[in-house]
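Here the structure is laid out as structure tokens; the discussion comes afterwards.
The values are calculated or read from the model by the stated rules, or taken from the named source; none is laboratory data. Owing to the predicted nature of the structure, the values given are computational and were not obtained by experimental measurement. Don't worry about glycine lacking a Cβ; one is built from the backbone with ideal geometry, like all the others, and counts go over all protein chains shown.
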Amino acid sequence: MKQPCVLVTGGAGYIGSHTTVELVAAGFDVVIADNLSNSELSAVDGVRRITGREIPFVELDCCDRAAMTRLFDQYDFDAVIHFAASKAVGESVREPLRYYRNNLTSFMNVVELMQATGRPNIVFSSSCTVYGEPDEQPVTERSPRKPATSPYGNTKQMCEDILLDTVAADKSLRGIALRYFNPIGAHPSGLIGELPRGVPQNLVPYITQTAAGIRECLAVFGDDYPTPDGSCIRDYIDVVDLARAHVAAIRRMIDGRCRERYEVFNIGTGRGVSVLELVRRFELVNGLKLNYRIAGRREGDIVAIWADPTRANEELGWHAERPLDETLASAWRWQRHLSGLD
Ligand code: UFG
């Protein structure tokens, strides 16, 4: 019997590469499509080495309608996971049009081609950014979405809405939006992980680069927030756990177990961790001292957010499993690999 085939757009990226590994391990065929605008071919090599499979890779831009049409003609996809998008919050504020064009055009191309070729199942890569600064913790899927604070965040909300409206209008389509909290860590093999370009904008790659001596000092953005230690709180989700949530979502759709044709799930641990706690944990687990200083608040940061993952636990049968310490060890292992420190 033919194995189900999943198109992973953005499959050379951080979350896409880990998800591809988990899909293959779960018995799916995968085709990766990526324009390598914020990723490297080495990630595809890493995925092939981990899985031992010559996973097809197509270099294309999802905004290129003709190339996407050829891709959909060539392969018989049972489902699509759409990761391909620009994701830097600050950059999106400086270049809003580029973000709107890229993130919306690519997404609409995918959904339109799915409709045109009768492919019913899509998982969309959304974000807890849609909740803004929540009034209550932890956030559930019923917590209100707040006005987006960046064009990037706005594209996540808009794509969710586009999917909701399209699924409502087209009874043959099913969609799941996964709202990720803060993905961190790397594959236990040390062969794939996050590959930030230039100065990392996110906390964990900044920490690991500081520990490796690439950056001099981590700036902790604010210790005067109304939290127990004054630093911001997030829900850090291991990237392999996050990848497995996609497998669970795809299975749910392919097996016909969706309750609604459009569903939303929070993908987080349910535990809030402050920036200072994370720094201390990283030091302890990896047996090193990190050079850090307290700096001013970063504009646009929310104070605290963590997930109520009950719906994903119950409906997807998915749980965050990897302990934070292991995740932080994997992040450091990956950095050592990148920096040639082993
Ligand atoms: N932080 C620092 N120093 C740094 C980098 C980050 O103190 O050098 C702090 C931030 O102020 C924040 C926490 O670490 O309190 C996490 O910051 P990240 O940039 O790693 O993550 P964010 O929570 O700001 O952003 C993430 C994703 C976005 C997404 C957002 C939703 O990167 O794509 O969550 O809230 F939109």
For this session: Test Ser39 against the criterion of being crowded, with 19+ Cβ neighbours inside 10 Å, closer than 20 Å to Glu160 by Cβ and of a type in the set (Ser, Thr, Tyr), and give yes or no.
Result: no
Seminar exercise, completed: Matching residues in segment 228-247 (among the basic types (Lys, Arg) and either part of a strand (DSSP E or B) or surrounded by fewer than 23 Cβ atoms within 10 Å (Cβ to Cβ) (or both)) number 1
For this session: Check off (1) over 26 Å from Val89 (Cα atoms); (2) in a strand (DSSP E or B) for Leu288 and give me the number that stays unchecked.
Result: (2)
Problem set entry | Every residue from segment 120-134 that is within 15 Å of the ligand (Cβ to nearest atom) and either more than 19 Å from Ala168 (Cβ to Cβ) or without any contact (Cβ under 8 Å) to a residue 60 or more places away in the chain (or both) | Phe124, Ser125, Ser127, Cys128, Thr129, Val130, Tyr131, Gly132, Glu133, Pro134
For this session: Please work out if Gly185 is closer than 26 Å to Asp241 by Cβ, at pLDDT below 95 and more than 9 Å from the ligand (Cβ to nearest atom).
Result: no
Exercise. Is there a residue in segment 142-152 that is more than 15 Å from the ligand (Cβ to nearest atom), β-branched (Val, Ile, Thr) and either more than 14 Å from the chain's Cα centre (by Cα) or crowded, with 20+ Cβ neighbours inside 10 Å (or both)?
Worked result: no
For this session: Could you list, in sequence order, all residues of segment 26-36 that are among the charged types (D, E, K, R) and surrounded by fewer than 20 Cβ atoms within 10 Å (Cβ to Cβ)?
Result: Asp29
Problem set entry | Any pair with Cβ under 6 angstrom, 6 or more apart, that starts in segment 180-203 at a residue that is more than 28 Å from Val264 (Cα to Cα) and ends at one that is of a type in the set (Lys, Arg) and more than 12 Å from the ligand (Cβ to nearest atom) | Gly190/Arg333; Leu191/Arg49
Exercise. Among the residues of segment 255-291, which ones are among the β-branched types (Val, Ile, Thr) and surrounded by fewer than 17 Cβ atoms within 10 Å (Cβ to Cβ)?
Worked result: none
Exercise. Within segment 87-119, restricting attention to residues that are surrounded by fewer than 20 Cβ atoms within 10 Å (Cβ to Cβ) and part of a loop (DSSP other than H, G, I, E, B), which residue is nearest to the ligand (Cβ to nearest atom)?
Worked result: Ala88
Exercise. Leu338: out of contact with any Pro (no Cβ under 9 Å at 6 or more places or on another chain), within 16 Å of the ligand (Cβ to nearest atom), farther than 23 Å from Ala177 by Cβ and touching a residue at least 60 places away in the same chain (Cβ under 8 Å), yes or no?
Worked result: no
For this session: Can you confirm whether segment 232-239 contains a residue that is under 26 Å from Val47 (Cα atoms), modelled with pLDDT of 95 or more, in contact with a His (Cβ under 7 Å, 6 or more places away or on another chain) and within 14 Å of the ligand (Cβ to nearest atom)?
Result: yes
